[in-house]
Amino acid sequence: MKVLIVDDDIAERNAVACTLRNAGHDAILASSAPEGVEKFEREKPGAVFVNLLMPYVGGAAAIVDIRKAARRQDHGVYIVVLNGGDIEDARDALAAGADAFVQKPVTKSSVLDALQSVSASTQNR
């Protein structure tokens, strides 16, 4: 699966990308919300991992914009939030349209479990 990772933290972005690539996925990287939305529209990934706490335009706004772009393109997408903040941040992300969240710092199993979980749950809708 093609997966977009949107995170301003290069170490976290690369850790998620490495995990996904080792599991056979194609990872696309973006360091900001606007770049992530642009890459989503161009690359049409099946899943997006997005950090909530980014400068200028945060992850919740990116989630809303990605959902709008997905509707315009009639393209389904799973959105997983990378959350370094508190539980309220995670609730806001789910309200904005995320399917799941992973608490930072990420682990290999948390990334793969989240991707598997949202893939399974959204296929059963």
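Bear in mind that the values in this text are calculations on the coordinates, not laboratory data. None of these values were measured; they are calculated from a predicted model. Glycine also receives a Cβ, built like all others from the backbone with ideal geometry; neighbour counts cover every protein chain displayed.
Per-structure values
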quantity	calculated
Angstrom value of the Kirkwood radius, inverse mean 1/r, which spans all Cα pairs in region 70-111	11.2 Å
Cα→Cβ-extended label distance, 7 Å offset, between ALA95 and ALA69, nm	2.4 nm
Dimensions in Å of region 2-119 - Rg and Dmax from alpha carbons	12.4, 33
Estimated inter-spin distance, ARG21 and SER109, nm [label 7 Å along Cα→Cβ]	2.4 nm
Debye intensity ratio I(q)/I(0), log10, region 23-73, q values 0.17, 0.21 Å⁻¹ (C-alpha model)	-0.47, -0.70
All aspartates and glutamates inside 20 Å of LYS44 as judged from Cα atoms, apart from same-chain residues fewer than 8 positions distant	ASP7, ASP26, GLU35, ASP65, ASP74, ASP99
Exposure proxy order (Cβ contacts within 10 Å, fewest to most) of PHE101, PHE40, PHE49	PHE101, PHE40, PHE49
